Amino acid sequence: MTAVDTGLEAEYAAIFAFSAATVHLDGDARDRAESLESEHRSRRDQLLDHYSAAGAEAPAPAAGYDVGVIADAAAAQELLTAVELDVTATWRAGVASSDPEERRVCLDMYAASAVSLARWRLAIGQAVADPWPGRAE
């Protein structure tokens, strides 16, 4: 499994989580969540195009993902924060790839996911500044 495979799987999981959690939100948080889900879908599509251009088969999404119980807006926000952190950490790890093309894809996706993470944190009132988004604390 390549770093890009792992990143694509993280994007699939994010789309699933956003679809499940967004219905529990309202106002600015819901608007931002809908926008971020769209960004994850766009990144997924870019990655599928990458596989197609390389003549490779992309991993398929899982039938489902364990997102736990989403009882309210607070749980939805917590889930989506964890998802954004996970996606960013996955792409950050891929930047260490020894393959230059894979490293470029991972770096581009890392930059985009770090911006998504910052937007989400801003939408729910968390501190946005993070010198190394996706790095374990």
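The values are calculated or read from the model by the stated rules, or taken from the named source; none is laboratory data. Quantities reported herein were computed from a predicted structural model and do not represent experimental measurements. Quick reminder, even Gly has a Cβ in these numbers, built from the backbone with ideal geometry, and neighbours come from all protein chains shown. Surface accessibility is based on the protein's heavy atoms, side chains included, excluding ligands, DNA and RNA. Shrake-Rupley method; radii C 1.70, N 1.55, O 1.52, S 1.80 Å.
Magnitude of the charge dipole for the chain, about its Cα centre and with charges confined to Cβ atoms of Lys, Arg (+1) and Asp, Glu (-1), is about 260 debye. In terms of the Cα gyration tensor, with a ≥ b ≥ c the square roots of its eigenvalues, is the stretch 59-137 rounded because a/c is under 1.5, prolate because a/b exceeds b/c, or oblate? The shape class here is oblate. At a probe radius of 1.4 angstrom, the accessible area of the stretch 1-86 per residue rounds to 51 square angstrom.
Span-like helix criteria (full DSSP H runs; alpha carbon extent of at least 15 Å along the helix axis; mean Kyte-Doolittle hydropathy of at least -1.0) are satisfied in the chain by 3-21, 73-94, 100-123.
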